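The values are calculated or read from the model by the stated rules, or taken from the named source; none is laboratory data. Because the structure is predicted, anything quoted here is derived from the model rather than measured. Note: ideal-geometry Cβ built from the backbone for every residue, glycine included; neighbour counts use all protein chains shown. Quick note on the areas: whole protein, heavy atoms, side chains included, nothing else; ligands and nucleic acids left out. Shrake-Rupley method; radii C 1.70, N 1.55, O 1.52, S 1.80 Å.
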Amino acid sequence: MQSVRGFCDVLPEETPVWQQAEAVVRRVLEAYGYQEVRLPVIERTELFQRSIGEVTDIVEKEMYTFEDRSGDSITLRPEGTAGCVRAGIESGLLHHAEPRLWYAGPMFRHERPQKGRLRQFHQVGAEVFGVAAPELDAEMIVMTARMLRELGLEDVQLQLNSLGTPESRAAYREALVAYLRRHEDRLDDDSRRRLATNPLRIFDSKDPEVQAVMADAPRLLDNLDAASAEHFAKVRELLERAGVPYEINPSLVRGLDYYTRTVFEWVSDRLGAQGTVCAGGRFDALVEQLGGRPTPAIGFALGMERLVALLREQGEPGRGGAPHAYLVVATDPGAGLETAEALRDALPGLRLQAHAGGASFKAQLKRADRSGARVALILGDEERADGALTMKDLRGDGEQQRLPFSEAVSHLQAWIGD
RNA sequence: GUGAGCGUAGCUCAGCUGGUAGAGCCCCGGAUUGUGGCUCCGGUAGCCGUGGGUUCGAGUCCCAUCGCUCACCCCA
């Protein structure tokens, strides 16, 4: 048996890193006033077609789309923003309010798996609605910077761009395509294909001839509408005042149609070809487009698998998980269970692994050692008769000692403390 | 969807121009009757991804197929 392609297990070796990362992300989000929402994993297919865009790669070839038993077309969410906007409109949360929402969970895209890319992957996302001011763009970016810093992430760079309004962007795209059509003979096959699908990406071409053509091409940032240009300048100024370094990437366009104005990405060069850990941007037209009243909005998503990969590559220890104590039972096994339960009653925070089933004393101690527990608690016939426990320090060089149950409890309590 | 590399023990891998499947780690037992780690001794462990072909003989060569990985594309 094997898992479905691109669907992975997170095994106990990795879960501590996940848990720590999730805890940091949650703490920072809540520190900025974000509240958690829990959203369905499935939405109507139409929601994604209308938000992400009909001609994007995601909608055209990457969605897990099914008919349910009543014949409705439903889709496993390929990203979180659409569902979050839908929930905001449906609940009325967006009316006369400026909610700051965050969510976490699995997303699904039917792509060819590779390093940093799974078919089921996990994102933490956050969105703010109802605030158009550039201060919010800057605050959100500064917040992601804080988050990545507190996560201990090294060597990530911030890239920034502005896409302007949908109108100015469409006009620019037309101008760019017109320019490129005039020089089509100098483009390679890849760039000609992009001409129809994603002309802005042609700026990324590695072909020297194509680069020469692009050097004289009109630039998006020079063709922003006045309000967007001013907005972008303000965001840049605020980032500089906050001391958050960034790099302008004119070909940063994001793959989803709904973005407007500010877009940003945190990238690492340690992740192979999929270098983006965290990315987001404004989507001022999306709420209205999905049937809500006009509401500016901005959001971002953080890729958990990529984050965890970076943290593990940096050698983050990922503490936790191992039991504090391992109970060795060298008497009636039932007495082992009783003692274990009594310990749990006395110490709710205790991580105790009680030996179950038969094994030699020696083998049990070996298991105690392997479990990573700091201390072995030994319950034999004599301890049982005396209402005592023998405590053996497995990590230090302390002497083992036989203690009455209540004293053993206080010793354990002191150990759990630190 | 396209391309390349790789599938041998639970894990990491070796296996030469085809000739009876190996190592390390892990696990189990013993040396040590209720004392782990270190050491030593012993043990379990594989339709060599699957199917076909060539051959007296295939882990090894050929074809197909499935899977994994990386890259392109695109993206978290």
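See the values below:
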read-out: Residue identified as closer than 29 Å to A:GLY272 by Cα, in the same structural domain as A:LEU101 (by TED's automatic domain parsing) and surrounded by fewer than 17 Cβ atoms within 10 Å (Cβ to Cβ) among A:GLU150, A:GLU209; value: A:GLU150
read-out: Residue ID - farthest from RNA strand B (Cβ to nearest atom), chosen from residues in the range A:377-404 that are in contact with a helix residue (DSSP H, G or I) (Cβ under 7 Å, 6 or more places away or on another chain) and either assigned to a helix (DSSP H, G or I) or not aliphatic (A, V, I, L, M) (or both); value: A:GLY387
read-out: Residue list for the range A:110-150, restricted to those being touching a His at 6+ places or on another chain (Cβ under 9 Å) and of a type in the set (Asp, Glu); value: A:ASP137
read-out: Enumeration of residues in the range A:332-348 that are surrounded by fewer than 17 Cβ atoms within 10 Å (Cβ to Cβ) and in contact (Cβ under 8 Å) with a residue 12 or more places away in the chain; value: A:ASP332, A:PRO333, A:ALA335, A:LEU337, A:ALA342, A:ALA346
read-out: Test result for A:LEU153, part of a loop (DSSP other than H, G, I, E, B), hydrophobic (A, V, I, L, M, F, W, C), within 13 Å of RNA strand B (Cβ to nearest atom) and within 22 Å of A:PHE264 (Cβ to Cβ); value: yes
read-out: Some residue of the range A:272-288 being in contact with a strand residue (DSSP E or B) (Cβ under 9 Å, 6 or more places away or on another chain), more than 29 Å from A:ALA309 (Cβ to Cβ), open to solvent by 10 Å² or more (accessible area, probe 1.4 Å) and in contact (Cβ under 8 Å) with a residue 12 or more places away in the chain; value: yes
read-out: Hits in the range A:105-133 - residues which are hydrophobic (A, V, I, L, M, F, W, C) and away from RNA strand B (no atom under 12 Å from the Cβ); value: A:ALA126, A:VAL128, A:PHE129, A:VAL131, A:ALA132, A:ALA133
read-out: Of all residues making up the range A:90-103, the number that are aliphatic (A, V, I, L, M) and surrounded by fewer than 19 Cβ atoms within 10 Å (Cβ to Cβ); value: 2
read-out: Close pairs from the range A:235-263: first open to solvent by 50 Å² or more (accessible area, probe 1.4 Å) and away from RNA strand B (no atom under 11 Å from the Cβ), partner part of a loop (DSSP other than H, G, I, E, B) and not charged (D, E, K, R), Cβ under 8 Å, at least 6 apart; value: A:ARG236/A:TYR246
read-out: Residue that is open to solvent by 20 Å² or more (accessible area, probe 1.4 Å), more than 11 Å from RNA strand B (Cβ to nearest atom), basic (Lys, Arg) and not assigned by TED's automatic domain parsing to the domain that holds A:GLU135, where the choices are A:ARG374, A:ARG370, A:ARG351; value: A:ARG351
read-out: Flag if A:ARG254 is at pLDDT below 95, within 30 Å of A:GLU22 (Cα to Cα) and in contact with a Leu (Cβ under 7 Å, 6 or more places away or on another chain); value: no
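Per-residue answers, yes or no, for (1) assigned to a strand (DSSP E or B); (2) within 28 Å of the chain's Cα centre (by Cα):
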{"site": "A:ARG112", "(1), (2)": "no, yes"}
{"site": "A:PHE121", "(1), (2)": "yes, yes"}
{"site": "A:LEU136", "(1), (2)": "no, yes"}
{"site": "A:MET143", "(1), (2)": "no, yes"}
{"site": "A:ARG146", "(1), (2)": "no, yes"}
{"site": "A:SER191", "(1), (2)": "no, no"}
